[in-house]
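Visitor: Attaching a single structure in structure tokens format; questions to follow.
The values are calculated or read from the model by the stated rules, or taken from the named source; none is laboratory data. These figures come from a predicted structure and were not determined experimentally. Heads up, the Cβs are rebuilt from the backbone with ideal geometry, glycines too, and the neighbour counts pull from every protein chain shown. Areas reflect the complete protein model, heavy atoms only, side chains present, ligands, DNA and RNA absent. Shrake-Rupley method; radii C 1.70, N 1.55, O 1.52, S 1.80 Å.
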Amino acid sequence: LKAERDLITNGDFRAPLSMGWVAFNDQGGDGGEMDGDASRVVDEGRRAVRFYRSGGEFNHCETIIEQELNRDVPDPITTLKVRAMVKVTYQSLSGGGYLSSEYPLMIRVKYRDEYLSENEWIHGFFYQNLNNSPTMNGQEVPQDKWYFYESENLLDVLPITPNTIVSVRVSAAGWNYESLVSEISLVVE
């Protein structure tokens, strides 16, 4: 039998968000003041975190939940995967925004290699790209529908094998957005 282990605490959001996660906003450098909101909700019977922002036209904001892990990767390791249920309801920016960095929903895994250098694996989700904005590290999903996402084995795609998983971040970025995440896990085997 495979011995999968999830490194994330409270990825099903059964407990309050403060159990394992820190929520905050990053306004970036454009002088904005309109924060988004990250809150626990039940959507179609599923416990989730909803990211929501309105009134932020032409003004960047990233609404974030983050979990510090600082967990060494098991040795030996054969699999490292991200799994989550995601739903993107609204996005005012096309695709991933001007620089492919403002998706209405993003998952980031920050890791450290054996030389103590830090890197990030990033995957974004969007439902429309009317302006043909760049979508590097992004994936189109159906609008307003729950979608099961499972990454490929990150050990096969990361440039350097992780030694330590530093943190996991889920966020929404752009001008106005509404998206949800549920059942997020970072599985090692």
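Visitor: Would you be able to tell me the number of residues in region 129-155 that are open to solvent by less than 30 Å² (accessible area, probe 1.4 Å) and either free of Cβ contacts under 8 Å to residues at least 24 places away in the same chain or among the polar types (S, T, N, Q) (or both)?
Guide: The total comes to 3.
Visitor: Could we say that Val88 is modelled with pLDDT of 95 or more and over 26 Å from Leu116 (Cβ atoms) here?
Guide: It is true that Val88 is modelled with pLDDT of 95 or more and over 26 Å from Leu116 (Cβ atoms).
Visitor: Out of Tyr111, Tyr147, Tyr177, report the one residue that is hydroxyl-bearing (Ser, Thr, Tyr) and under 24 Å from Asp35 (Cα atoms).
Guide: Tyr177
Visitor: Another one. Applying the selection to region 38-91, what residues are within 29 Å of Leu154 (Cα to Cα) and of a type in the set (Lys, Arg)?
Guide: If the condition is that a residue be within 29 Å of Leu154 (Cα to Cα) and of a type in the set (Lys, Arg), then Arg40, Arg46, Arg47, Arg50, Arg71, Lys81, Arg83, Lys87 are the ones that fit.
Visitor: Look through Thr78, Thr63 and report the one residue that is hydroxyl-bearing (Ser, Thr, Tyr) and touching a Lys or Arg at 6+ places or on another chain (Cβ under 7 Å).
Guide: Thr63
Visitor: Please verify whether Gly97 is among the small types (Gly, Ala, Ser), in contact (Cβ under 8 Å) with a residue 60 or more places away in the chain and open to solvent by less than 60 Å² (accessible area, probe 1.4 Å), treating the condition exactly as stated. Full working, then the answer.
Guide: Numbers: among the small types (Gly, Ala, Ser): yes; in contact (Cβ under 8 Å) with a residue 60 or more places away in the chain: yes; open to solvent by less than 60 Å² (accessible area, probe 1.4 Å): yes.
Here the answer is yes, as Gly97 does meet what is asked.
Visitor: Does region 72-79 contain at least one residue that is within 22 Å of Ser182 (Cα to Cα), open to solvent by less than 30 Å² (accessible area, probe 1.4 Å) and over 18 Å from the mean Cα position of the chain (by Cα)?
Guide: Yes; the residues of region 72-79 include at least one that is within 22 Å of Ser182 (Cα to Cα), open to solvent by less than 30 Å² (accessible area, probe 1.4 Å) and over 18 Å from the mean Cα position of the chain (by Cα).
Visitor: Moving on to the next point. Please go through region 170-186 and give me each residue that is assigned to a strand (DSSP E or B) and open to solvent by 10 Å² or more (accessible area, probe 1.4 Å), ordered by number. Talk me through it step by step, then tell me what you get.
Guide: Within region 170-186, the first condition is being assigned to a strand (DSSP E or B), and the residues that meet it are 170-174, 177-186.
Within region 170-186, Glu178, Glu183, Ser185 qualify.
Visitor: Only one of Glu57, Glu68 is more than 12 Å from Leu180 (Cα to Cα), open to solvent by 30 Å² or more (accessible area, probe 1.4 Å), charged (D, E, K, R) and modelled with pLDDT under 95. Can you tell me which?
Guide: Glu57
Visitor: Hey, another quick one. In region 15-26, which residues are touching a residue at least 12 places away in the same chain (Cβ under 8 Å) and either charged (D, E, K, R) or open to solvent by 30 Å² or more (accessible area, probe 1.4 Å) (or both)?
Guide: Scanning region 15-26 gives Pro16, Gly20, Val22, Ala23, Phe24, Asn25, Asp26.
Visitor: So, one more: Does Val41 meet the test of being among the hydrophobic types (A, V, I, L, M, F, W, C), out of contact with any Ser or Thr (no Cβ under 8 Å at 6 or more places or on another chain) and either modelled with pLDDT of 95 or more or surrounded by 18 or more Cβ atoms within 10 Å (Cβ to Cβ) (or both)? Give the steps one after another, and end with the answer.
Guide: On the way: among the hydrophobic types (A, V, I, L, M, F, W, C): yes; out of contact with any Ser or Thr (no Cβ under 8 Å at 6 or more places or on another chain): yes; either modelled with pLDDT of 95 or more or surrounded by 18 or more Cβ atoms within 10 Å (Cβ to Cβ) (or both): yes.
It is true that Val41 is among the hydrophobic types (A, V, I, L, M, F, W, C), out of contact with any Ser or Thr (no Cβ under 8 Å at 6 or more places or on another chain) and either modelled with pLDDT of 95 or more or surrounded by 18 or more Cβ atoms within 10 Å (Cβ to Cβ) (or both).
Visitor: Moving on. For Ser167, state whether it is of a type outside the set (A, V, I, L, M, F, W, C), buried (at least 22 other Cβ atoms within 10 Å of the Cβ) and in a strand (DSSP E or B). First the steps, then the outcome.
Guide: Numbers: of a type outside the set (A, V, I, L, M, F, W, C): yes; buried (at least 22 other Cβ atoms within 10 Å of the Cβ): no; in a strand (DSSP E or B): yes.
So Ser167 fails the test.
Visitor: How many residues are open to solvent by less than 10 Å² (accessible area, probe 1.4 Å), over 30 Å from Pro74 (Cα atoms) and of a type in the set (Gly, Ala, Ser) when one looks only at region 100-128?
Guide: So the answer is 0.
Visitor: Here is a further query. Looking at Arg47, Arg83, which one is open to solvent by 30 Å² or more (accessible area, probe 1.4 Å) and in contact with a Lys or Arg (Cβ under 8 Å, 6 or more places away or on another chain)?
Guide: Arg47
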